[in-house]
Amino acid sequence: VSRQTMLIDSFGRSITYIRVSVTQHCNLRCLYCMDEDSDPEQSEELLTFAEIERILRVGCRLGLSKVRITGGEPLLRPGLATLITTIASIPALSAISITTNGVLLEQHAQEIHDTGVNSINISLDSLQRERFEQITHRDLFIQVWQGIQAAIALPFSSIKINVVLTRGINDDEIINFFRLTQDYPLQVRFIEPMPLGPEGFWQRDKVVSAIEILERIRAEEELVEIDLPCKVRGPARIYQTPGAPGTIGLISPVSHDFCETCNRIRLLADGKLRGCLIAGGEVNLRPALRGDEDDKQLEDLFHQAVQLKPEQHHINDADYTPPNRSMPRIGG
Ligand code: SAM
Ligand code: SF4
């Protein structure tokens, strides 16, 4: 890839990682993400598999090398394994991963694994069935747990459990989640809730800082930081009890800025390309895809979207206003 065509934003960051949302629909209603009746309409606006593939081929010519499939709930998209198999044939892509809520994972884990997905993130905010239902508004904890077990039984190179940790809701489960890392080869990632979901849910004092999480675990057990290069660990800091099969990852988008090393861009299910989850604008690829435009036009749109990447988000500013799209619309 020549230097000129690489995706480099206005702040010198090289963009190599794309998150692809394949649906806006979801079978859960996590209270920080979606209202009961907020499942969006989607029809002709949804990108086809052929369109997603074309966009990724163009993006890879511009230096993209990693893709994560997300949503909404990606396993709700019919034929997802077919899409991933096609994507996996793009030579420049060195890694494909998926983020799922796990509800449908037990049925799909094997085929997802067989498509070439090496790393899987499963979102789970409570290990208690009733509380899971309170948080997600669906009584599906058992299904998710079985999905996690199905994933563990397969040779994925990495399995992460994403826990959005909210004070007063599930922060009393920090230790129980930590214990999973002593029993299973998983990474448990505690993620700060972000001001993106239904209005009125997010409050700054519901964020539990990384320092507090560490203190609470260290009151029970030894935990040492594992020094991995940023390229490998992404925006998380990684900790482990010596000898344990699993690790803890801490991601602090709110209380600790990680924007400086951000290498991401997002493709939304409706064909918009967005530079940042939290801030900045987006460009619409659909007209170029559905007209007779050649790939050059798509390349230009990629560069435009990357130029719209802000230097950093401003969640911590007093006058912060959240984006006008919810998380399942943006693609988490
Ligand atoms: N449905 C899939 C899932 O839940 O894994 C994929 C999409 S979901 C939007 C991706 C991730 O975003 C999940 O781990 C979810 O917990 C997280 N998320 C959603 N809303 C959030 C918020 N307001 N703050 C922080 N994380 C959020
Ligand atoms: Fe669905 Fe994921 Fe949002 Fe929960 S976080 S409502 S599982 S899209």
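A few points about this structure:
- Residue 191 being within 16 Å of ligand 2 (Cβ to nearest atom) and among the aliphatic types (A, V, I, L, M): yes
- Screening 88, 92 for residues that are in contact with a helix residue (DSSP H, G or I) (Cβ under 6 Å, 6 or more places away or on another chain) and of a type in the set (Gly, Ala, Ser) leaves exactly one candidate, 92.
- The lone exception for residue 132 - which of (1) in contact (Cβ under 8 Å) with a residue 60 or more places away in the chain; (2) within 12 Å of ligand 2 (Cβ to nearest atom) it fails: (1)
- Filter pass, residue 101 being open to solvent by less than 70 Å² (accessible area, probe 1.4 Å), more than 21 Å from residue 238 (Cβ to Cβ) and at pLDDT 95 or above: yes
- Top-ranked residue of segment 290-314 - restricted to ones that are modelled with pLDDT under 90, touching a helix residue (DSSP H, G or I) at 6+ places or on another chain (Cβ under 9 Å) and not charged (D, E, K, R), ranked as nearest to ligand 2 (Cβ to nearest atom): 313
- Applying the criterion of at least 2 residues that are more than 12 Å from ligand 1 (Cβ to nearest atom) and more than 18 Å from residue 151 (Cβ to Cβ) to the strands (runs of 3 or more DSSP E) found wholly in segment 15-128 leaves 17-21, 66-70.
- All told, residue 211 falls short of being open to solvent by less than 70 Å² (accessible area, probe 1.4 Å), farther than 22 Å from residue 102 by Cβ, assigned to a helix (DSSP H, G or I) and among the β-branched types (Val, Ile, Thr).
- Test result for residue 140, open to solvent by 10 Å² or more (accessible area, probe 1.4 Å), among the aliphatic types (A, V, I, L, M), within 14 Å of ligand 1 (Cβ to nearest atom) and out of contact with any Ser or Thr (no Cβ under 7 Å at 6 or more places or on another chain): yes
The values are calculated or read from the model by the stated rules, or taken from the named source; none is laboratory data. Since the structure is predicted, the reported quantities are computational estimates derived from the model, not experimental observations. Here the Cβ is made from the backbone with ideal geometry for all residues, glycine too, and neighbour counts use every protein chain on show. Ligands, DNA and RNA are stripped out before the accessible areas are found, and what is left, the full protein with its side chains, is counted by its heavy atoms. Shrake-Rupley method; radii C 1.70, N 1.55, O 1.52, S 1.80 Å.
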